[in-house]
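Peer 1: Before anything else, here's the structure in question.
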Amino acid sequence: MAKFKLIVSDPGTGKSTVSEIEGARAQALIGRTLGERMDGSPLGIAQSTLLITGGCDKNGIPMRADVHGGVKKYIVLSGGPGFKPTRHGERRRKLVRGRTITDETYQINFTLTKPVSEEEKKEAAQPKPAGKLITAKQPEKVRPKKAAKKAGKKGK
């Protein structure tokens, strides 16, 4: 049976809550991917929408959104989840896990998002007017020009 530790963060308050789920409620998460939005009611968080933002497996290997599936894989990283460079331009080959939640996943990170109302859905579906918006430019500050140096003669 799958067992997950859920970390749900609320960007509005800046607080996060930790809970554990297992059994049928945990099975609802298997197969979902990072970046996916889901209803919070199957997880016990009523009337909210959750965005899956990350996670890791039992060994602490982080999930990355750019790796397909739920497999472990070595990839060359220059930053982001799984690697923090110490020098500018540093790259390393690191072990990461794919973006799909499997039974190997231990921790899943969520962010609360506000539920989308019917009015907002209609506004998003309407086409936006095409064309450029012209904005007034701020006048640039005029800098005084420096006097040019005169070339002097070397030696006599």
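The values are calculated or read from the model by the stated rules, or taken from the named source; none is laboratory data. This one's a predicted model, so the numbers in the text were calculated from it and none came from an experiment. Please note: Cβ atoms are built from the backbone with ideal geometry, for glycine as well, and neighbour counts cover all protein chains shown.
Peer 1: Would you call residue 80 assigned to a loop (DSSP other than H, G, I, E, B) and either modelled with pLDDT of 95 or more or not charged (D, E, K, R) (or both)? Even if it seems obvious, please write down each step before you answer.
Peer 2: Details: assigned to a loop (DSSP other than H, G, I, E, B): yes; either modelled with pLDDT of 95 or more or not charged (D, E, K, R) (or both): yes.
Yes: the conditions hold for residue 80.
Peer 1: Here's something else I'd like to know. Of all residues being surrounded by 13 or more Cβ atoms within 10 Å (Cβ to Cβ) and free of Cβ contacts under 8 Å to residues at least 24 places away in the same chain in region 63-79, which is nearest to the chain's Cα centre (by Cα)? Just the residue, please.
Peer 2: Taking region 63-79 and keeping what is surrounded by 13 or more Cβ atoms within 10 Å (Cβ to Cβ), we get 63-65, 67, 70, 72-73, 75, 77.
Then drop every residue that is not free of Cβ contacts under 8 Å to residues at least 24 places away in the same chain, which leaves 75, 77.
Values: 75: 19, 77: 16 Å.
My answer is 77.
Peer 1: Here's a follow-up. Can you tell me which residue in region 32-62 is surrounded by the most Cβ atoms within 10 Å (Cβ to Cβ), limited to those that are acidic (Asp, Glu) and assigned to a strand (DSSP E or B)? Lay out the reasoning, then the answer.
Peer 2: Filtering region 32-62 for residues acidic (Asp, Glu) gives 36, 39, 57.
Remaining after also requiring assigned to a strand (DSSP E or B): 39, 57.
Numbers: 39: 14, 57: 18.
Only one residue tops the list, namely 57.
Peer 1: Quick one: how many residues across region 12-42 are basic (Lys, Arg) and over 21 Å from residue 65 (Cα atoms)?
Peer 2: First, the residues of region 12-42 that are basic (Lys, Arg): 15, 25, 32, 37.
Retained after the next criterion (residues that are over 21 Å from residue 65 (Cα atoms)): 15, 25.
Of the residues in region 12-42, 2 are basic (Lys, Arg) and over 21 Å from residue 65 (Cα atoms).
Peer 1: Suppose the filter is in a loop (DSSP other than H, G, I, E, B), within 25 Å of residue 113 (Cβ to Cβ) and among the hydroxyl-bearing types (Ser, Thr, Tyr); does residue 17 pass it? Steps first, please.
Peer 2: Working: in a loop (DSSP other than H, G, I, E, B): no; within 25 Å of residue 113 (Cβ to Cβ): yes; among the hydroxyl-bearing types (Ser, Thr, Tyr): yes.
So residue 17 fails the test.
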